[in-house]
Amino acid sequence: MARNKQHSPMNQLTRWGQLHYRNCRDTVFALADNPIATALTVAVIGIALALPGSLNIMIQNARNLAGSWESARDFSIYMVPGTDLAQAQSLAKELQADDDIAAIKLIAAESALLDFRESSGLGDVLDALGSNPLPHTLVVRPAETAEAAALADLADKLAARAEVDMVKIDTLWVERLNAILDFMNRVVVIASILLIAAVIIIVGNTIRLDIQNRRVEIEVLKLLGASDGFVRRPFLYVGLWYGFLGSMIALFLLVAGGWLLSSPLERLIGLYESDINLLGLDPQTIAAIVGGGVLSGWGGAWTAVSRHLAAIQPK
């Protein structure tokens, strides 16, 4: 009865948990026994993980900046000089019903002339003209959900109307900026894959050297009947700790870099009189860095152990 209780699923699960806990704890002490080598390896891993993270944050801020510009992409509709104000008001009312239009401001020709007279100081010249050369103008603010293609089609339709002289719109630069950001995002993905592969190689090479240094110990353990899983487990925890500690270094570098750059960036943005909130580390980026570090460290350890442990057999 006691023997069956000892081999119950609950007791086996408890022993399994205790074994993993001891392996995890012992590997921490083993890494602490070689602080210089551990610090160098962890630093290299941290730098490798911080590079794609920093690029990702830069692209997120660039998209945030592009979004703030895009939300204020007003365009102007200039009526034919001499057009009645009622026609301009009718066009403004018609456009206001469009879902792609957020707001419309009508600037009457008389108001525009008065403002130009006060700002330019050319009152005598304007009086000599005898008539108002300025047209009624509609300043249109598109909705945030409006796409550049839809706005371009709307501009073409407006320009074809008899009472409209010219439509001034420029959304091509927004499309170019978004295309550049999409390209950079693809570069970040490729860089992330290459740098994670570098982390796997670094951890794998470190674990390989550790296996060679403990070759005699491994042979003795196998002579005593230890399974490959028992011998493999500590090395896997070493790789896991390398990846986790490296991800912590990466997060520290990103936070420190953001803190150092935040003040000059805010001053630069203030010079452009733009109200933009700089983005930092978000939960998704933190999870990606920590998860990528742990998985790459574990993967590098598994690759090295699977390749070199089988070659070590007791003689």
(request) Only residues that are surrounded by 14 or more Cβ atoms within 10 Å (Cβ to Cβ) and either more than 21 Å from Leu251 (Cβ to Cβ) or not aliphatic (A, V, I, L, M) (or both): list them for segment 24-54, please. (result) Cys24, Thr27, Ala30, Thr38, Thr41, Gly46, Pro52, Gly53, Ser54
(message) Show me the helices (runs of 4 or more DSSP H) found entirely inside segment 1-78 where at least 1 residues are within 30 Å of Ala197 (Cβ to Cβ) and modelled with pLDDT of 70 or more.
(response) 9-33, 35-70
(request) Say whether the condition of being out of contact with any Pro (no Cβ under 6 Å at 6 or more places or on another chain), at pLDDT 80 or above and not charged (D, E, K, R) is met by at least one residue in segment 305-312. (result) yes
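Per-residue answers, yes or no, for (1) buried (at least 16 other Cβ atoms within 10 Å of the Cβ); (2) more than 22 Å from Gly292 (Cβ to Cβ):
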site: Lys157; (1), (2): no, yes
site: Ile190; (1), (2): no, no
site: Ile200; (1), (2): yes, no
site: Val216; (1), (2): no, yes
(request) Enumerate the pairs (first residue in segment 208-224 and within 21 Å of Tyr242 (Cα to Cα); second residue anywhere and assigned to a helix (DSSP H, G or I) and small (Gly, Ala, Ser)) with beta-carbon separation below 8 Å, excluding pairs fewer than 6 apart on the same chain, so at least 6 apart or on different chains. (result) Arg208/Ala304; Ile211/Ala304
(message) Condition (residue is surrounded by fewer than 17 Cβ atoms within 10 Å (Cβ to Cβ) and either within 14 Å of Leu49 (Cα to Cα) or modelled with pLDDT of 90 or more (or both)) applied to segment 265-285: is it met by at least one residue?
(response) yes
(message) The conditions are (1) part of a loop (DSSP other than H, G, I, E, B); (2) modelled with pLDDT of 85 or more, and Ala92 fails exactly one of them. Which is it?
(response) (1)
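The values are calculated or read from the model by the stated rules, or taken from the named source; none is laboratory data. Just so we're clear, the structure is a prediction, and the values are computed from it rather than from any experiment. All Cβ positions, glycine included, derive from the backbone under ideal geometry; neighbour counts span all protein chains shown.
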